[in-house]
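Presented below is the structure to which this report refers.
The values are calculated or read from the model by the stated rules, or taken from the named source; none is laboratory data. If you're wondering where the values come from, they're calculated on a predicted model, not measured in any experiment. Every residue, glycine among them, receives a Cβ derived from its backbone with ideal geometry; neighbour counts consider all protein chains shown.
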Amino acid sequence: MIVRDNDDDDDDDDDDDDDDDDDDDDGVDDDDDDDDDFSDDNEEMLSFEVDELEEKDVDGNDVDTMQRHSVDSFDDVDFTFTKVDTQAKYDGLPVTNVNLSATLPSSSSLEIMVYLFRRAGKVTFGNETFRVEKGTIKFNIRISNWDFCDGSRFDCDEGKIGEFLDLKLKIKSKDSPAEISDDDRKAAAKRPICEDEDSDDDGVDDPTDSDNDDDDCPSIYDIGGDSEMLLNKGVVTDDDKYTALPEGYPKFEVEDGEKKFVFRIPKFKKSVLVDPSVNVGRVNGVNSLAHANTGLAFLLFIAAFIVTNYV
């Protein structure tokens, strides 16, 4: 959903000329990608796309061989966009916001709320409190009214009960994502994302402990180009209840040559909110977003407008 073009001119391609087309500077974009201003081999391009939803049983297996409890592509899903709000707030911090929503099969719905932070500060999601920078992009991804398999044979494999919903977020980045710690960032003279973690042995949910436990900090991934992905270790479900993801999630995987983050979401009744963020790096003094035209990546056009006009 975000693309950054790190060349030194003001257009959206990855060369140093003054047009917005391909690198041949002939005014024609004839590469093989799906957009009109990025080549597929642009190593500086940073993009994210909600790729797939798959319902799983308690053992992590698919619940429905007919794929009635999954969405394997969003390319043909129609989204409704709100107007860009340049006066919005997020946890008291000024942001620029745009939302999009769509109806999925079985009357479930998907909403994506995009926030561009215009000032650095701290935000809280569940029991995770962490730092955002000016220019951080946050995606609140909400899924509502998902109909989980209940063991009946009507629309699920016989005896299958849905316990999880896997959300896959496809990423294109300069480097393959590598998990790092806040200590690694401090060693690189970067400001910490989280408060100091305590060293006691109590649980994260101990109500008598006011200190921060290790699980109170999102997972941090270096994705190259001085950019970082922040992935919360839990989700917010019905009635603002914070629920931890299963051990090992979110996780990074490569599937059919594509890089993806997987969030294994525990079963919920009404809705669930997932909250990934990205600190967009600055390369050659450039911090810009542009657009692509496929599926959810169309949101890039909105993001480009936000960053171009309001950062």
Among the residues listed as Met66, Met45, the single one being in contact with a Phe, Trp or Tyr (Cβ under 6 Å, 6 or more places away or on another chain) and either at pLDDT below 90 or more than 24 Å from Ile143 (Cβ to Cβ) (or both): Met45
Could you say whether any residue in region 118-125 is more than 17 Å from the chain's Cα centre (by Cα) and in contact (Cβ under 8 Å) with a residue 60 or more places away in the chain? yes
What are the residues in region 261-274 that are surrounded by fewer than 19 Cβ atoms within 10 Å (Cβ to Cβ) and assigned to a strand (DSSP E or B), if any? Pro266, Ser271
For region 118-127, check the following and say yes or no: at least one residue is at pLDDT below 90, within 22 Å of Pro266 (Cα to Cα) and crowded, with 17+ Cβ neighbours inside 10 Å. yes
